[in-house]
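What follows is one structure encoded as structure tokens, with my remarks underneath.
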Amino acid sequence: MTQLTDLTLAGIRDGVAKGEFTATEVAGAFNAAVAGAQDALNAFIVTTPEAALAAAAKVDADRAAGQTLGKLAGVPIGMKDLFATKGVQTTAASKILEGFVPPYESTVSQKLWDAGAGLLGKLNLDQFAMGSSNESSAFGHVISPWRRPGDTTALAPGGSSGGSSAAVAARIVPAATGTDTGGSIRQPAAFTGISGIKPTYGRCSRWGIVAFASSLDQAGPMARTVTDCAIMLEAMAGFDAKDSTSLDVPVPEWAASLSGDLRGKKVGIPREYRLDGLNEDVAKSWDAGIAWLKEAGAEVVDISLPHTQYALATYYIIAPAEASSNLARYDGVRYGQRDLPNGAGLQDMYAATRAAGFGPEVKRRIMIGTYVLSAGFYDAYYTRAQKVRALISRDFMAAFEQCDVILTPTAPSAAFALGEKSNPLDMYLGDVFSVPASLAGLPAMSVPAGLDRNGLPLGLQIIGKPLDEQGVLNAGLAIEARANFVAKPNMWW
Ligand code: GLN
């Protein structure tokens, strides 16, 4: 029999429903896998084996009692440690929140538990979701389960959802939540050979998710297959009155409507994404993706997104601006760390708490954000960035008059080594393909497309029209069927 930990989310759910194995057996197998990989991968900040077993026991009891099972009944998952989980420490991978145990549950995680999922633990991430490599976590780097053949160099699992990507790729969780502000679901998915979708801004409630940049933050699933992503997104999405940006629209049955037949569909290839000096293997996988979508029946059209070159600069003004405002709440008064030097006044306490609690990347973003929002520079940077953001959105709307979905690489390279990118700008440049869709609030997903010459995964990104997650998932399915991505990390841990 296949190992339980090799099964997909759909395979687990169906096997539990049919009684081929129990949810308790599944939870036990994943709890063991999580424990066995923790020292090597550091994917989790805390593990919650008892929570996984309790959820599984409930599913087994419900099944025995003949009750209808939820969409994710019996599926244990990992939660990025950016989602507030009642009674379980939630840190955003920052010292400033160490020891914070929320008295409430985020809407998205509650929906997952309501659907029958169980919690294996809280996954490591870049501190406050700022980063692309997982090196900004206050709880240590996550190590990718992937290695270049014959080479033990520790590679980045991508970021910020790097604990999620590493855990799914290592098959120690069948699926995980991620959040994506400028690429944090898609880029780690690409680096680790898994799938992940960031839905349309507003599809998933942000209530109870630690805020980074509120006009960009979205939650989404990360899993090994497109079908698993569709199933899990259905459970995560939906209107929530507690989030004023939540969209009050029905959640479609994405999984049931999946189809890789793209006849009659048009796929746009944005010429501005063919950067000078684009990595050859990335360019090749993009060409392969184009050929696969044609084979699936789609017509491929050349499109232009003329403001693409400004997207990175725009993102790195807007995201830090919103972060500087959102992170003002960590002041040593309400929750988390408090540094109160002897005889200190309120200002000293704020300063000491924030100096000790935030990591260097978070401080950098707060300083950039405060600068671009300051009275003298607001119009020159923040207002201008908002205008350019509108132009970037308009580019997409114009392009979608000519095509249904857009195909691009997810990231400009495969995974790099931990420590390799020491200059923040180098790190930011890696977000070049993911931030435009974020700025426009569009659904976008990454699917594995193959391996580069060093044996490391590459991802392709599909960007869709607002609320057309179905179109994105369908194109993803068409690629998945042809890429035949069966490579997996060899279990060196
Ligand atoms: N890498 C990007 C950043 O550092 C995106 C992060 C994210 O999507 N959370 O801001």
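What to note about this one:
- Of the residues making up segment 92-120, those that are closer than 20 Å to residue 181 by Cβ and outside any loop (DSSP other than H, G, I, E, B) are 96, 97, 107, 108, 109.
- Among the residues of segment 103-118, those that are of a type in the set (A, V, I, L, M) and crowded, with 24+ Cβ neighbours inside 10 Å comprise 108, 112, 117.
- Number of the condition not met by residue 178 [criteria: (1) under 26 Å from residue 453 (Cα atoms); (2) within 16 Å of the ligand (Cβ to nearest atom); (3) touching a residue at least 60 places away in the same chain (Cβ under 8 Å); (4) among the small types (Gly, Ala, Ser)]: (1)
- Qualifying residue in segment 298-312 (condition: touching a residue at least 60 places away in the same chain (Cβ under 8 Å), surrounded by 21 or more Cβ atoms within 10 Å (Cβ to Cβ) and assigned to a loop (DSSP other than H, G, I, E, B)): yes
- Against the list (1) surrounded by fewer than 24 Cβ atoms within 10 Å (Cβ to Cβ); (2) over 25 Å from residue 253 (Cβ atoms); (3) not aliphatic (A, V, I, L, M), the condition residue 68 fails is (2).
- Matching residues, segment 25-59, being in a helix (DSSP H, G or I) and within 30 Å of residue 258 (Cβ to Cβ): 25, 26, 27, 29, 30, 33, 34, 52, 55, 56, 58, 59
- The lone exception for residue 346 - which of (1) at pLDDT below 95; (2) farther than 30 Å from residue 100 by Cα it fails: (2)
- Among (1) surrounded by fewer than 21 Cβ atoms within 10 Å (Cβ to Cβ); (2) under 17 Å from residue 273 (Cβ atoms); (3) not charged (D, E, K, R), the one test that residue 406 misses: (1)
- Restricting segment 181-204 to residues that are of a type in the set (A, V, I, L, M) and part of a loop (DSSP other than H, G, I, E, B), the residue that is nearest to the ligand (Cβ to nearest atom): 185
- Residues considered: 343, 336, 419. Of these, the only one that is in contact with a helix residue (DSSP H, G or I) (Cβ under 9 Å, 6 or more places away or on another chain), over 21 Å from residue 318 (Cβ atoms) and more than 15 Å from the ligand (Cβ to nearest atom) is 336.
- Just so you know, in segment 125-145 the residues that are near the ligand (Cβ under 10 Å from one of its atoms) and in a loop (DSSP other than H, G, I, E, B) include one that is nearest to residue 217 (Cα to Cα), and it is 130.
- Segment 163-175: number of residues that are in contact with a Leu (Cβ under 8 Å, 6 or more places away or on another chain), more than 15 Å from the ligand (Cβ to nearest atom) and not in a loop (DSSP other than H, G, I, E, B): 3
- Sole residue being of a type in the set (A, V, I, L, M), closer than 22 Å to residue 115 by Cα and within 16 Å of the ligand (Cβ to nearest atom), chosen from 222, 232: 222
- Residues of segment 431-480 classified as within 15 Å of the ligand (Cβ to nearest atom) and farther than 18 Å from residue 227 by Cα, total: 12
Here's the yes/no breakdown for (1) over 30 Å from residue 465 (Cα atoms); (2) surrounded by 15 or more Cβ atoms within 10 Å (Cβ to Cβ):
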| position | (1), (2) |
| --- | --- |
| 321 | no, yes |
| 330 | yes, yes |
| 340 | yes, no |
| 354 | yes, yes |
| 362 | yes, yes |
| 383 | no, no |
| 402 | no, no |
| 413 | no, yes |
| 432 | no, yes |
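- Scanning segment 205-226 for residues that are more than 23 Å from residue 101 (Cβ to Cβ) and either in a loop (DSSP other than H, G, I, E, B) or hydroxyl-bearing (Ser, Thr, Tyr) (or both) yields 213, 214, 215, 216, 224, 225.
For every residue, the table says whether it meets (1) modelled with pLDDT under 95; (2) surrounded by fewer than 24 Cβ atoms within 10 Å (Cβ to Cβ); (3) within 19 Å of residue 446 (Cα to Cα).
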| position | (1), (2), (3) |
| --- | --- |
| 190 | no, no, yes |
| 200 | no, yes, yes |
| 204 | no, no, yes |
| 212 | no, no, no |
| 229 | no, no, yes |
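The values are calculated or read from the model by the stated rules, or taken from the named source; none is laboratory data. Values in this document were obtained by computation on a predicted structure and should not be read as measured data. As a convention, Cβ positions derive from the backbone with ideal geometry for all residues, glycine included, and neighbour counts pool all protein chains shown.
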